[in-house]
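Down below is the structure, laid out as structure tokens.
Just so it is clear, none of the values below were taken in a lab; they were calculated from the coordinates. Everything numeric here is computed off the predicted structure, so don't read it as measured data. Please note: Cβ atoms are built from the backbone with ideal geometry, for glycine as well, and neighbour counts cover all protein chains shown.
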Amino acid sequence: MSSFARSITEVNHLEAPNITRLIYRNIKVNTDPGSLTILIGLPAMYLVFFGFGFASLQSSASGGSSYLSFLTPGLMGFQAVMAGTVGGGMLWADRRWGMLAQLLVGPFTRLQYLLGIMLTSVAFGLAGALVMLGIADLLLGALPVSLIGLGFLLAVIAVGSIFFGSLMLLIAAKIKSNTTYNSIQILVLFLVNFASTVFYPYSSALPAAIRVLFAINPLTYIADAVRAGYFGAYTTTVGYEVLVLCAETVAVLFLAVRAYMRSDVSTE
Amino acid sequence: MVDLVVEAEDLRHSYDGNRFALDGVSFTVRKGEVFGLLGKNGAGKSTLIKAMTTLIRPSSGTLRIFGMDPAKDGKKIRARIGVVQQGESFDFTTVEGNFDVYGVLWGIPRAERRRRREALIQKFGLEEVRRQRSFDISGGQKRRVQVAREFIHGMDILFLDEPTVGMDVIMRRTLLDSIREEVKGGLTVVFTTHNLEEADYVCDRIAVIDEGKLLVLDEVENLKRLYGGKKTIDLTIDMGSAARFIPALTQGLGPGTSVMPEGDSMVILTDDPKDSLAKILELSQKMGVQLEWISVRKNTLEDVFLRSVDHGGEPLGSA
Ligand SMILES: Nc1ncnc2c1ncn2[C@@H]1O[C@H](COP(=O)(O)OP(=O)(O)OP(=O)(O)O)[C@@H](O)[C@H]1O
Ligand SMILES: [Mg+2]
């Protein structure tokens, strides 16, 4: 009888509901509308300005919309990076306003807290990608993406969001100064963004150093894979890229969790 | 047999691997008591609370909360405790939003959440600021929100790290009384404060810690009785005479008394206040020292505190 009673209470304390509560909180109080608008608005502006700006460079014969349709999946992949910064930002906010220590004396584990942030970033990454898709649909009319392709590219973006979320959490766990963190974030955003296939395709004409950056940049893998899903053009290279991305994500996630489980959250 | 909620044995903790913020602390907290933690700034009170609430893992020693090991059963322990930390902690939303979100985090059903929120807002006088952002209210109001919010969920033990800082007299009394009320219903409370009057008012037992060591642990009444025979003389002399007067006075008063100087003032504990007063007057006349203020009173907890901290490791009470 008593062991039955105990098993009931344990059922009540299953992991999943706790995480949903944490995600609910993150969405409700940990994201201010202003910065979210910028986070989604920035890639949207890239899409509009770059899409039309570069299209005017191309000869009108090649079709003005082709760069826009190249850029669309790239920027959808870029949402994974934005999602990562949202994740890092949530950790910062929780430390800054003292809620981190408060949540960690609440009925959660550190891992649940961390997963709560990760999954919230994934949600933002996916939402952002769908917004991109919506804007592209308005600008381009018909989109080539199939339902299966959409499923594939969203999965890639989810994994990518976890990668960049973990990366930003890892940096946030090591760096306690807000200005340093912000500078690093800007640097990471810039490097990751422009040394990738988001804005232009990989080309052997690029200088060697930049080619290396391209090749090791997870955003390149994300952008390529999302583009493959978008156009339904899967290649072996893309297959490898997805594998490497997953392996890298597991590694960075592991490092972030480890660093985070050890960091003294009561210092702030 | 008494139920023990907290059992600590030879706890040590060092943040930097050098200095010990906790330096061999052993004590127990009994079910249903209000346990006061006193000590100077940096004594180790918050560190002790962080260890008991599973936020930090002590460097060594054993700690059991509800008989469980925080390192293994952290989550089970946390599901049964309430914690108001010394530092601010708010969600970036309104006062009532803070209650709501906190209630959701604790899995309190919607209707119950509302009911408790309204009762707490009422009780802690937060009606006027309920729609303001928690960051835009006064210091004392913030403290009220933080304390009141914790009562939105049930718990077996509540840890309060300087909960009354910045609260006005009325609110402080409201809080202390509601602590007493909850304790009647079976709650155990661990409470730190720098206000000895309120410790006296609400605590059953008091521990004084200094430099990470436990100096005194006893029931409030016992602590006061420890100096029961003694009286306290508060004395202030004219500026600048302290340096020559205090050594002479300490010598002149002799055994059975102690002098604790504080600038131009001093607190004198004595077995025989009449005799001491006579000596003080005589000595001040002889040395030409002006007496600005003198009074005799019963011992308070403050004297117990000052004396135990003043005497360093010397054991004054029993653990
Ligand atoms: N995060 C930390 N890192 C390093 N040292 C710390 C940290 N927190 C506290 N300390 C040190 O540990 C000692 C005990 O600090 P603690 O916060 O426990 O004191 P306290 O008794 O709560 O003081 P107060 O009355 O000022 O709140 C102090 O010497 C303090 O400087
Ligand atoms: Mg403290």
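Inter-chain neighbour count for A:102-113: the average number of beta-carbon atoms from partner chains within 10 Å of each residue's beta-carbon is 6. Which of the lysines could a cross-linker span from B:K142 if the Cα-Cα distance has to be under 16 Å and same-chain partners fewer than 8 positions apart are dropped? Within the straight-line limit of under 16 Å, B:K142 reaches these lysines: B:K123.
Calculated on C-alpha atoms, the gyration radius of region B:214-278 divided by its Kirkwood radius gives an Rg/Rh of 1.04. Legend: calculated FRET efficiency, A:L206 to B:R57, from the Cβ-Cβ distance at R0 = 51 Å, rounded to 0.05, equals 0.55.
Applying 1/(1 + (r/R0)^6) with r as the Cβ-Cβ distance of B:R225 and B:K274 and R0 = 22 angstrom yields a FRET efficiency of 0.55.
Short-range pairs are left out: with C-alpha atoms under 8 Å and at least six residues apart, the relative contact order of region B:230-298 is 52 percent. Between B:V296 and B:S265, residue separation times 0.36 nm minus the direct Cα-Cα distance comes to 9.8 nm. Annotation: peptides A:86-94, A:213-221, ranked by per-residue average of other Cβ atoms within 10 Å with the highest first, follow the order A:86-94, A:213-221. Approximating the spin labels as points 7 Å out from Cα along Cα→Cβ, the B:E128-to-B:Q285 distance works out to 5.6 nm. A quarter of the convex hull surface defined by the alpha-carbon atoms of region B:127-236 gives 10.2 nm² as the mean projection. What translational D, rounded to a whole number of µm²/s, comes out for region B:4-214 from Stokes-Einstein when the hydrodynamic radius is the Kirkwood one over Cα pairs, at 37 °C and 0.692 mPa s? Translational diffusion coefficient: 186 µm²/s. In chain A, the longest principal axis of the Cα atoms and the axis of helix A:178-194 are about 40 degrees apart.
The slack between B:R173 and B:Q251, meaning 0.36 nm per residue of separation minus the straight C-alpha distance, is 23.8 nm.
The aspartates and glutamates whose alpha-carbon is closer than 15 Å to the alpha-carbon of B:K274, local same-chain residues fewer than 8 away aside, are B:D234, B:E282.
The length gained by stretching the chain between B:S241 and B:E197 to full extension, at 0.36 nm per residue less their Cα-Cα distance, is 12.7 nm. Per residue of chain A, the DSSP helices (runs of n ≥ 4 H) give a summed -39500 (n - 2.57) that works out to -27500 deg cm²/dmol at 222 nm. Once Rg and the Kirkwood radius are both taken over the C-alpha atoms of the protein assembly as shown, their ratio Rg/Rh works out to 1.12. Tell me the angle of helix A:15-29 to the major Cα principal axis of chain A, expressed in degrees between 0 and 90 and rounded to the nearest ten. Result, in degrees: 60. Specify the inter-centroid distance of region B:45-113 and region B:255-278, based on alpha-carbon positions, in whole Å. Result: 45 Å between the Cα centres. Here each label is just a point 7 Å from Cα along the line to Cβ, and for B:E118 and B:M68 those points are 3.4 nm apart.
Put a dot 7 Å past the Cα of B:E88, heading toward its Cβ, do the same for A:L191, and the two dots end up 3.5 nm apart. Membrane-span-like helices in chain B (whole DSSP H runs, Cα extent of at least 15 Å along the helix axis, mean Kyte-Doolittle hydropathy of at least 0.5): B:95-105, B:242-253. Phi angles of region B:197-206 translate, via the Karplus equation with coefficients 6.51, -1.76, 1.60 and θ = phi - 60°, into HN-Hα couplings of 4, 6, 4, 4, 5, 10, 8, 8, 10, 10 Hz per residue; Gly and Pro are given as x.
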